[in-house]
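The values are calculated or read from the model by the stated rules, or taken from the named source; none is laboratory data. Nothing here was measured: the structure is a model prediction, and the numbers come from that model. With ideal geometry, Cβ positions are generated from the backbone for all residues, glycine too; neighbour counts draw on all protein chains shown. For the accessible areas, the whole protein counts, side chains as well, though only heavy atoms, and no ligand, DNA or RNA atoms are used. Shrake-Rupley method; radii C 1.70, N 1.55, O 1.52, S 1.80 Å.
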Amino acid sequence: MTLVDQNDIDAIWQSIGMAEHKHEDDVVKITVSGNRVLGAHLLPGVEVDADEKPDGVAVNFRILDEAFIAKPIQLCFGVMPETGMQHIELNLNIGENSRASVVAHCTFPNAVDVVHRMDAVINVGRGACYSYFERHVHGPAGGVTVVPKAKIHLGADARFKTEFELIKGRVGVMDIDYEAECEAGSVIELIARIIGAGDDRVKINETAHLRGERSRAFLQSYLALKHDAFAEVYNTVTAHADGAKGHVDCKEIVQGRAVARAVPIVDVRHPGAHVTHEAAIGSVDSKQLQTLLARGLDEEAATDLIIEGMLG
Amino acid sequence: MALLEIRDVVMRLGETPVLNHLTMEFWAGHVHALVGPNGAGKSTLANTIMGLFGYTAFEGDIVYDGESLKGVPVDERARRGITLAWQEPARFQGLPVHKYIRAGAKDPSDDRVDQALLKVGLDPRTYRDRACDRTLSGGERKRVEIAALLAMEPRVVLMDEPDSGIDIQAINHIFDAIQFFKQNGATVILITHSLPVLQQAEHAFLLCNGRLRDKGPISKIENYFAENCIMCATPNEPEKRQGAWQ
């Protein structure tokens with residue numbers, strides 16, 4: 001591991017507005033800037049091996065069986081310069097009957113031409129409960145290409161919830177591709193909330209295969225687009241077993257010349273399974289808008305507040 | 001003196017006038033009621049005063065504080081002090097109650113938001129952070145709406161059926177709010193089919209088929225309620241009963 005200046009760690013946590021949290025001793029924290037692991041503070045029940053590579057890092061992350069991690073694990077991935085490439089290879093194993101949550105901050109506040117790529121393999125063990133909240137902090141110029149891909153496996157009765165949020169700063173280009181296999185009694189929630197502006201390009205491709213009996217999936221994508229932004233969302237649930245249940249919910253607000261496309265795919269292969277979907281694309285609801293106008297907000301402020309509520 | 005004047009207003013939907021040569025005055029520090037059968041034009045008049053989308057093309061004039069409101073957009077009317085509470089308030093997915101109230105508040109402080117909630121009988125500790133969406137009951141949402149109006153401190157308050165969905169305990173909070181607006185010098189305009197709401201007002205206007213059929217103190221207009229609201233067997237078609245109104 002490269003020796004690093006404490007100032008680098010401070011800068012990256014400061015960019016996400018969490019400078020004061022970096023000293024908490026009872027929180028697992030891992031900080032990666034570019035291809036350098038700047039710091040890793042671990043607690044019992046959590047193991048991490050990280051290898052620096054020319055264009056990023058490879059991280060093996062393990063929550064041990066039966067471990068209970070009380071406070072959210074804080075991950076911070078960032079590229080502070082204007083240009084750069086960060087490729088995260090993440091191998092995540094959530095032990096059986098363990099409980100943990102992760103808050104991942106991905107910060108590219110100065111990006112002009114930055115590529116952030118993540119290839120993750122996530123195994124959530126039998127009976128484990130794991131949530132992953134990924135918040136992106138981008139600058140006003142866009143300039144970031146974000147390509148997170150994950151192959152997810154949920155063991156029997158496991159629960160996994162992932163939330164992806166990019167509601168401040170410009171997206172740039174985003175291409176999310178998650179695919180999950182769900183065993184009996186497991187529950188997966190894949191949630192994305194994104195605001196796109198300028199010439200941002202967003203593609204979301206999320207798939208859950210409900211292989212086991214009573215497995216459940218909830219896929220939700222909420223996007224707000226303005227200017228010339230473009231988004232396409234493909235949410236797929238396949239149900240193969242008795243009692244499998246799924247729901248796909250896609251809502252997109254478009255303004256200006258923005259374009260949104262939503263393709264919910266429901267593939268049911270067992271008579272005892274039940275999957276539903278809803279997709280709504282349109283402008284801001286007129287009654288909501290007029291209500292806020294009647295409080296004195298101008299149209300832009302009213303629209304922003306409606307979107308903030310929807311995505312917040 | 002009238003703060004708000006409706007001057008010979010005609011609004012048409014196609015060829016049909018839905019507001020037909022209406023002339024009315026609303027005074028500062030007074031509570032007024034608009035009554036009449038469904039389709040009489042009460043909500044249309046409120047929407048026209050507010051300047052909502054689709055309600056801006058009319059003949060005649062609407063004068064507020066000595067100035068015409070023609071061409072003034074809805075948000076500017078609100079900033080000048082006019083606001084409207086819908087019969088069925090909009091739901092806002094994920095938007096916390098405190099942010100919703102704060103959005104239009106004259107004083108956006110936490111204290112002011114809490115005071116507004118308390119005034120409509122909602123405990124701020126319970127409601128401040130709840131979402132202003134379908135998780136609120138109809139009555140709760142309605143009270144949040146009134147709280148937002150209180151925080152806004154408007155000069156003209158249009159309230160469309162303020163008691164709909166409100167239970168018997170909460171209705172007094174709504175009535176208190178109406179009187180609070182009045183005591184603070186606001187012009188209150190209530191649209192109602194309810195006698196208890198009508199009795200909150202001092203003056204009432206009876207509309208039918210887009211026309212003003214009668215006006216006066218509540219004691220006068222109350223009589224129509226005693227006769228199932230309108231003394232007319234052909235509501236909204238009064239021309240068929242010429243003389244009934246004379």
With N residues in the stretch A:153-250, Rg(alpha-carbon) / (2.2 N^0.38 Å) equals 1.17
Dividing the helical contributions, -39500 (n - 2.57) per DSSP H run of n ≥ 4, by the residues of chain A yields a 222 nm value, nearest 500 deg cm²/dmol, of -3000 deg cm²/dmol
Taking Rh as the Kirkwood radius computed over alpha-carbon pairs of the stretch B:129-177 and applying Stokes-Einstein at 20 °C with viscosity 1.002 mPa s, one gets a diffusion coefficient in µm² s⁻¹ of 187 µm²/s
Taking every residue of A:301-309, the Cβ atoms of other protein chains inside 10 Å of its Cβ average out to 4
Here Rg/Rh (Cα, Kirkwood) for the stretch B:28-89 equals 0.95
Looking only at lysines whose Cα falls under 21 Å of A:Lys71's and that sit 8 or more positions away or on another chain, we get A:Lys22, A:Lys29, A:Lys161
Sorted largest first, the Cα spans of the stretch A:131-199 on the principal axes come out in Å as 44, 16, 13
Sorted list, accessible surface of protein heavy atoms, 1.4 Å probe, largest first, for A:His209, B:His32 is A:His209, B:His32
If one compares the long axis through the Cα atoms of helix B:171-183 with the longest principal axis of the Cα atoms of chain B, the angle in degrees, nearest 10, works out at 80 degrees
With +1 on the Cβ of every Lys and Arg and -1 on the Cβ of every Asp and Glu, the dipole magnitude of chain B about its Cα centre, in debye rounded to the nearest 20, is 240 debye
Compactness check, the stretch A:6-283: C-alpha Rg relative to the 2.2 N^0.38 Å globular estimate gives 1.00
Shape call for the stretch B:1-115, from the Cα gyration tensor axes a ≥ b ≥ c (a/c under 1.5 means rounded, otherwise prolate when a/b beats b/c, else oblate), comes out prolate
Restricting to lysines and to Cα separations under 16 Å from B:Lys215, and discarding same-chain partners fewer than 8 apart, the set is B:Lys42
In whole angstrom, largest first, the equivalent ellipsoid semi-axes that the Cα gyration tensor gives for the stretch A:204-312 are 34, 14, 9
Per the stretch B:115-203, sqrt(5λ) over the Cα gyration tensor eigenvalues, sorted largest first, in Å, gives 21, 15, 11
Computed about the Cα centre, the charge dipole of the stretch A:61-187 from +1 Lys/Arg and -1 Asp/Glu charges at the Cβ has a magnitude in debye, to the nearest 20, of 360 debye
With +1 on the Cβ of every Lys and Arg and -1 on the Cβ of every Asp and Glu, the dipole magnitude of the protein assembly as shown about its Cα centre, in debye rounded to the nearest 20, is 1280 debye
Given the candidates B:Met159, B:Phe181, B:Ala103, the one whose Cα lies deepest towards the positive end of the charge dipole of chain B, counting +1 at each Lys or Arg C-beta and -1 at each Asp or Glu C-beta, is B:Ala103
P(r) over all Cα-Cα pairs of chain B, 5 Å bins from 0 to the longest distance, whole percent per bin, short to long, reads 1, 6, 14, 18, 19, 16, 12, 8, 4, 1, 1, 0
Taking N as the residue count of the protein assembly as shown, its alpha carbon Rg divided by 2.2 N^0.38 Å gives 1.20
With Cα springs under 10 Å, the Gaussian network model of chain A assigns the largest mean-square fluctuation among A:Leu289, A:Leu38, A:Leu225 to A:Leu289
